[in-house]
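Below: one structure, written as structure tokens.
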Amino acid sequence: MPKLVIDNRDAIEVPHGKRLVKALVEEGGTDQLHACGGVSRCTTCRVRFVDGEPEKMTEAEKETLRVREVTESGVRLSCQITCDEDMYVELISRLEGSGRKDQGSAVAEEIQPPPVWTTK
């Protein structure tokens, strides 16, 4: 099982292939935002990769990052990433301090929209 480190905490094991946004909340116990429900329409699920950033990305993620002008190196949408390898991430968008009433809509088990894979 891949290991996930979140914000310098101890590594946790996550099921292989699980969506990163779900692992952050369910296994990691974080208050990671996902306002659009994990369908690559917003950027509230952003994380910054310290290590283990995947080389592949969905076309939906690439387009959302472009449209929202997110250009910082290592910043990705956790809703469009699966936990296939060990990763070390820092949370960028959390419920705490956001002014939102909740983390966001329910997130499906599978990446939505159905992924078309490309490179960063």
Report summary line: Taking the stretch 40-56 and keeping residues farther than 17 Å from S98 by Cβ and buried (at least 22 other Cβ atoms within 10 Å of the Cβ) leaves S40
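Right, L65: open to solvent by 30 Å² or more (accessible area, probe 1.4 Å) and over 17 Å from H16 (Cα atoms) or not?
no
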Report task. Out of G37, G29, report the one residue that is buried (at least 16 other Cβ atoms within 10 Å of the Cβ) and part of a loop (DSSP other than H, G, I, E, B). Result -> G37
Report task. Give the residues of the stretch 86-109 that are exposed (fewer than 14 other Cβ atoms within 10 Å of the Cβ), of a type in the set (D, E, K, R) and in contact (Cβ under 8 Å) with a residue 60 or more places away in the chain, sorted by residue number. Result -> E96, E109
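Does T82 meet the test of being open to solvent by 20 Å² or more (accessible area, probe 1.4 Å), in contact (Cβ under 8 Å) with a residue 12 or more places away in the chain, in contact with a Lys or Arg (Cβ under 9 Å, 6 or more places away or on another chain) and within 20 Å of G104 (Cα to Cα)?
On the way: open to solvent by 20 Å² or more (accessible area, probe 1.4 Å): yes; in contact (Cβ under 8 Å) with a residue 12 or more places away in the chain: yes; in contact with a Lys or Arg (Cβ under 9 Å, 6 or more places away or on another chain): yes; within 20 Å of G104 (Cα to Cα): yes.
Considered against the rule, which asks whether it is open to solvent by 20 Å² or more (accessible area, probe 1.4 Å), in contact (Cβ under 8 Å) with a residue 12 or more places away in the chain, in contact with a Lys or Arg (Cβ under 9 Å, 6 or more places away or on another chain) and within 20 Å of G104 (Cα to Cα), T82 comes out as yes.
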Query - Output for the stretch 12-41, where each listed residue is in contact (Cβ under 8 Å) with a residue 24 or more places away in the chain and hydrophobic (A, V, I, L, M, F, W, C) - result: V14, L20, V21, A23, L24, V25, L33, A35, C36, V39
Query - Where V47 falls short, out of the listed (1) closer than 26 Å to E13 by Cβ; (2) part of a loop (DSSP other than H, G, I, E, B) - result: (2)
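The values are calculated or read from the model by the stated rules, or taken from the named source; none is laboratory data. All figures in this text were calculated on a predicted structure; none of them were measured in a lab. As a convention, Cβ positions derive from the backbone with ideal geometry for all residues, glycine included, and neighbour counts pool all protein chains shown. Heads up: the accessible areas ignore ligands, DNA and RNA and are worked out on the full protein's heavy atoms, side chains in. Shrake-Rupley method; radii C 1.70, N 1.55, O 1.52, S 1.80 Å.
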